[in-house]
Amino acid sequence: MPNGSPAASRKLTEIERAARLHQLGELAAGLAHEINQPLAAITYTLSGALRRARRGELNNAQMLDVLQAAIAHTHRASEIVTRVRGLVTRQAPEKTRVCINRVVREMLELSRLGKGERGVRPVRLLDELAPDLPPVLGDKVQLEQVMLNLLANAIHAARQTGQREGRVLVRTRGDRQAVELSVWDNGPGLVPAQRQRMFEPFFTTKPDGVGLGLGLAICQTIVEDHGGRIRAEPAPEGGLLLSLRLPVAEDGGPR
Amino acid sequence: MTGAVVAKKPLVFVIDDDPDVCVALAWLIGSVGLGTRTFHGIAEFLADWRPDADSGCLVLDVRMPGMGGMEFLERMRQMRIDLPVIMLSGHGTIPMATRALRLGAVDFVQKPIDEQLLLDRIQEALARDVQARARREANARLETLTEREREVARLVAAGRQNKEIAQALGASVRTVEGHRARALRKLGIASAAELALLLIAT
């Protein structure tokens, strides 16, 4: 990690391991549910067809519908597998030119997929992404992890909005020097004492068993390791605004 | 049975937020000749609910956004929705299952679901709903009787003659005849045998 201080790198490896395990468990549970859905749909569809066919009650049009539906469900399942595999099987960290808008879009997609946590209020995920954003030089997997963490926190906060609809807005903009990414939620926000400590490892406002308090610590380490900075402030509209700046990739950097 | 419980065609109400699963479940349930209605969320179902709805049962996913399945069971009780419920669960834990049972859910079917098992459970739930409706109906009709009429009705159902009843209650035969006639008229039935059947149902 060329840009990070030795201390920052050490902190990263320690907490990263714990956090990865935790996230893996959550990911596995979510993934199992998401894949079970199309599998269930396939079973019901084919079984319903078989029962009718045995009695000679399945006409040709119905049979075509059934086959088409079953194929669509299998596509849905394999789509989920492809997306998750893309997230977990990347190799050693490597700095390349990364398009932040793309990271945002992919992680938003993944967060929408993770809405499978049933029994919780849905949150509307919005984005305003600057066109022609310059690339940054960084480790895509790590930057994805930052984005996913920020989104997870914002979504969690936006669920605590009482009667109002929970909203999360991701914005990007850039200039010649830096790319700025911000994540806003309309949740209850944080009191100053909480805001002061929010980047400390193991500091969390979530109930026991929900968060380890490592997410933002990891985000900060990764961002600093990329030569950027991250900060949190109360949003004028209420809720919390987290923003980070990353230097743009210089010309001639590895592609 | 008593003739007053009209057997409507039962309906299976399917609630699942996943449109693919919802459609597929309805298609499966329809394959055994049952009628279905599908809803993509609990709110949608509740908005559509009428207290005099058809007999039937509910099939729903425990894991749903908005109001979850468990919370819904509690709300159902408050709203006096008496339909039997079959909960589908991807990760049904024992405490969750016992809580569901205590709240009156008929069944808890774990995913991946054995379709035959699910269909069997649906049939059982529908049968249970028919019985429960007959019982509620009979109770409601008995409620319309005065205490004295109810007493006479029970003795009539037990096969006692008017004279015996009069003796047991210390009333005149004529008074007993009056109670008996009013009770049968209110219950909309003609014979002591039908009365006995009605009382068995309660």
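The values are calculated or read from the model by the stated rules, or taken from the named source; none is laboratory data. Note that the coordinates shown come from a computational prediction; the quantities given were computed from them, not determined experimentally. Please note: Cβ atoms are built from the backbone with ideal geometry, for glycine as well, and neighbour counts cover all protein chains shown.
For residue A:145, state whether it is at pLDDT below 90, closer than 17 Å to residue A:108 by Cβ and out of contact with any Cys (no Cβ under 6 Å at 6 or more places or on another chain). Walk me through how you get there before you give the answer.
Details: at pLDDT below 90: yes; closer than 17 Å to residue A:108 by Cβ: yes; out of contact with any Cys (no Cβ under 6 Å at 6 or more places or on another chain): yes.
It is true that residue A:145 is at pLDDT below 90, closer than 17 Å to residue A:108 by Cβ and out of contact with any Cys (no Cβ under 6 Å at 6 or more places or on another chain).
Filter region A:240-255 for residues that are out of contact with any His (no Cβ under 6 Å at 6 or more places or on another chain) and modelled with pLDDT of 90 or more and give the result. Give the derivation first.
Restricting attention to region A:240-255, the residues satisfying the condition of being out of contact with any His (no Cβ under 6 Å at 6 or more places or on another chain) are A:240-245, A:247-255.
Of everything in region A:240-255, those that are out of contact with any His (no Cβ under 6 Å at 6 or more places or on another chain) and modelled with pLDDT of 90 or more turn out to be A:240, A:241, A:242, A:243, A:244, A:245, A:247, A:248.
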Taking the conditions exactly as written (within 30 Å of residue B:35 (Cβ to Cβ) and crowded, with 16+ Cβ neighbours inside 10 Å), does residue B:125 satisfy them or not? yes
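Taking region B:18-29 as the search range and keeping residues that are in a helix (DSSP H, G or I) and at the interface with chain A (Cβ under 7 Å from one of its Cβ atoms), which one is nearest to residue A:33 (Cα to Cα)?
If we filter region B:18-29 for residues that are in a helix (DSSP H, G or I), which is where we start, we get B:19-29.
Within this subset, residues satisfying the condition of being at the interface with chain A (Cβ under 7 Å from one of its Cβ atoms) are B:20-21, B:24-25, B:27-28.
Details: B:20: 14, B:21: 12, B:24: 17, B:25: 17, B:27: 21, B:28: 21 Å.
Applying the filter and picking the extreme gives B:21.
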Can you find even one residue in region A:104-111 that is surrounded by 19 or more Cβ atoms within 10 Å (Cβ to Cβ), at pLDDT 90 or above and not assigned by TED's automatic domain parsing to the domain that holds residue A:219? no
Inter-residue pairs, beta-carbon under 8 Å, first within 13 Å of chain B (Cβ to nearest Cβ) and modelled with pLDDT under 85 and in region A:62-86, second assigned to a helix (DSSP H, G or I) and surrounded by 13 or more Cβ atoms within 10 Å (Cβ to Cβ), 6+ apart: A:80/A:31; A:80/A:34; A:80/A:35; A:80/A:38; A:80/A:113
For the subset of region A:223-239 comprising residues that are surrounded by 13 or more Cβ atoms within 10 Å (Cβ to Cβ) and at pLDDT below 85, which member is farthest from the chain's Cα centre (by Cα)? A:238
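For region B:145-164, enumerate the residues that are in contact (Cβ under 8 Å) with a residue 40 or more places away in the chain and either over 14 Å from residue B:198 (Cα atoms) or part of a helix (DSSP H, G or I) (or both).
Quick first cut of region B:145-164, residues in contact (Cβ under 8 Å) with a residue 40 or more places away in the chain only: B:145, B:153-154, B:157.
Hits for region B:145-164 are B:153, B:154, B:157.
Would region A:128-135 turn up any residue that is at pLDDT below 90, assigned to a helix (DSSP H, G or I) and under 26 Å from residue A:224 (Cα atoms)? Give the steps one after another, and end with the answer.
To start, the set of residues in region A:128-135 that are at pLDDT below 90 comprises A:132.
Those left that are additionally assigned to a helix (DSSP H, G or I): none.
Scanning region A:128-135 turns up no residue that is at pLDDT below 90, assigned to a helix (DSSP H, G or I) and under 26 Å from residue A:224 (Cα atoms).
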With (1) modelled with pLDDT under 65; (2) away from chain B (no Cβ under 13 Å) as the list, and residue A:114 as the residue in question, which single condition is left unmet? (2)
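I want to confirm something. Restricting to region B:46-59 and keeping residues that are at pLDDT 90 or above and more than 14 Å from every other protein chain (Cβ to nearest Cβ), which single residue is farthest from residue B:71 (Cα to Cα)? Break it down stepwise before answering.
Step one: filter region B:46-59 for residues at pLDDT 90 or above, giving B:56-59.
Adding the requirement that they be more than 14 Å from every other protein chain (Cβ to nearest Cβ) leaves B:56-58.
Values: B:56: 21, B:57: 18, B:58: 15 Å.
Result: B:56.
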Inter-residue pairs, beta-carbon under 9 Å, first more than 7 Å from every other protein chain (Cβ to nearest Cβ) and part of a helix (DSSP H, G or I) and in region A:30-55, second surrounded by fewer than 20 Cβ atoms within 10 Å (Cβ to Cβ) and among the polar types (S, T, N, Q), 6+ apart: A:42/A:74; A:49/A:62
Any idea how many residues of region B:165-183 are without any contact (Cβ under 8 Å) to a residue 24 or more places away in the chain and within 13 Å of residue B:149 (Cβ to Cβ)? 7
